[in-house]
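The structure appears below as structure tokens.
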Amino acid sequence: MEARKEELLKLIIENYVATAEPVGSAFLVDAADLPVSGATVRNEMRELEESGYLVQPHTSAGRIPSESGYRYYVEHLMKPEQPKGVVQRELASIVREESDPVRRRKNAARFTAEYIGNAVIIAWQDSIYYTGLAYLFAQPEFRDAAHTVSISSLFDECEDRIDGLFSASAGNEPKVFIGKDNPLGTLCGTVSIHMRGESLMAIIGPWRMPYGRAVGLLQTIKSIL
């Protein structure tokens, strides 16, 4: 992909993640201070749409990322966002106040759910714990009742799907799964990492989730636990 298109795609995705509102060319020219005309931006956005990286939810509306757009962003444009020092210290304090390893992981999961604003699953030794459903279902995507029902079923089926996530998450670094490549379901995004002691932690959200922030946080949690 050309560098300017990559810059546009990155700006659109990061703004949409932050606002949950379609992004138009006027914003990209004015707010992002791009050194090109509005006509040029509109043409490039149209080409990104034709290539499958963006979609236009309504006529005359701005664009939002597609599944392919998110995947390209994660694979080529995203940078892990490490939590600030004060956040790392708070997390370390919350985790280390418990000597029991299971409770430590649950404390970390609850902190993560609040920090990211999505749900979190931890799994170990045939046990599964999840938290943060209130944060997840507060996201704008879940104003659609059918979407809410579809995602909520994920947690009912979690025990059947978790082995697939364990296998797909092999390695030392966080893995990102979006849509059709997600062992937990096509309608969500997941960032997961293997922890010590044959356990796993995963952040579950809509496709529109802060992937760089999630990756950086899971890296930090693994180092603390």
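Taken over region 66-79, the criterion of being open to solvent by 70 Å² or more (accessible area, probe 1.4 Å) and modelled with pLDDT of 95 or more is satisfied by Glu75, His76.
Can you tell me which residues in region 96-135 are assigned to a strand (DSSP E or B), farther than 17 Å from Pro210 by Cβ and not polar (S, T, N, Q)?
Quick first cut of region 96-135, residues assigned to a strand (DSSP E or B) only: 119-124, 127-131.
Retained after the next criterion (residues that are farther than 17 Å from Pro210 by Cβ): 121-124, 127-131.
If the condition is that a residue be assigned to a strand (DSSP E or B), farther than 17 Å from Pro210 by Cβ and not polar (S, T, N, Q), then Ile121, Ile122, Ala123, Trp124, Ile128, Tyr129, Tyr130 are the ones that fit.
Val86 passes every criterion in (1) out of contact with any Ser or Thr (no Cβ under 6 Å at 6 or more places or on another chain); (2) within 27 Å of Cys188 (Cα to Cα); (3) without any contact (Cβ under 8 Å) to a residue 60 or more places away in the chain apart from (2).
When Ser169 is tested against the conditions (1) over 16 Å from Ala119 (Cβ atoms); (2) open to solvent by 10 Å² or more (accessible area, probe 1.4 Å); (3) in contact (Cβ under 8 Å) with a residue 24 or more places away in the chain; (4) out of contact with any Phe, Trp or Tyr (no Cβ under 7 Å at 6 or more places or on another chain), the lone failure is (2). Gln82 satisfies every condition listed in (1) part of a helix (DSSP H, G or I); (2) touching a helix residue (DSSP H, G or I) at 6+ places or on another chain (Cβ under 7 Å); (3) open to solvent by 50 Å² or more (accessible area, probe 1.4 Å) except (1).
For region 147-225, which fully contained strands (runs of 3 or more DSSP E) count at least 1 residues that are closer than 17 Å to Asp126 by Cα?
Details: elements: 175-178, 189-195, 199-205.
Once the strands (runs of 3 or more DSSP E) in region 147-225 are filtered for at least 1 residues that are closer than 17 Å to Asp126 by Cα, what remains is 189-195, 199-205.
The set of residues in region 172-192 that are in contact (Cβ under 8 Å) with a residue 24 or more places away in the chain and in contact with a Lys or Arg (Cβ under 6 Å, 6 or more places away or on another chain) comprises Ile178, Leu184, Ser192. Within region 102-113, residues that are touching a residue at least 40 places away in the same chain (Cβ under 8 Å) sit with their Cβ atoms under 6 Å from residues that are among the acidic types (Asp, Glu) and open to solvent by 40 Å² or more (accessible area, probe 1.4 Å), at 6+ positions apart or across chains, in these pairs: Arg104/Glu98. Within region 89-137, the set of residues being touching an Asp or Glu at 6+ places or on another chain (Cβ under 9 Å), at positive phi and surrounded by 14 or more Cβ atoms within 10 Å (Cβ to Cβ) comprises Gly132 only. Looking at Pro57, is it closer than 19 Å to Glu2 by Cα, loosely packed, with under 15 Cβ neighbours inside 10 Å and either in contact with a helix residue (DSSP H, G or I) (Cβ under 8 Å, 6 or more places away or on another chain) or not charged (D, E, K, R) (or both)? Considered against the rule, which asks whether it is closer than 19 Å to Glu2 by Cα, loosely packed, with under 15 Cβ neighbours inside 10 Å and either in contact with a helix residue (DSSP H, G or I) (Cβ under 8 Å, 6 or more places away or on another chain) or not charged (D, E, K, R) (or both), Pro57 comes out as no.
The values are calculated or read from the model by the stated rules, or taken from the named source; none is laboratory data. The model shown is predicted, which means the values in this text are computed figures rather than measured ones. Neighbour counts run over all protein chains shown; Cβ positions are idealised from the backbone, glycine included. For accessibility, only protein heavy atoms count, side chains too; no ligands or nucleic acids. Shrake-Rupley method; radii C 1.70, N 1.55, O 1.52, S 1.80 Å.
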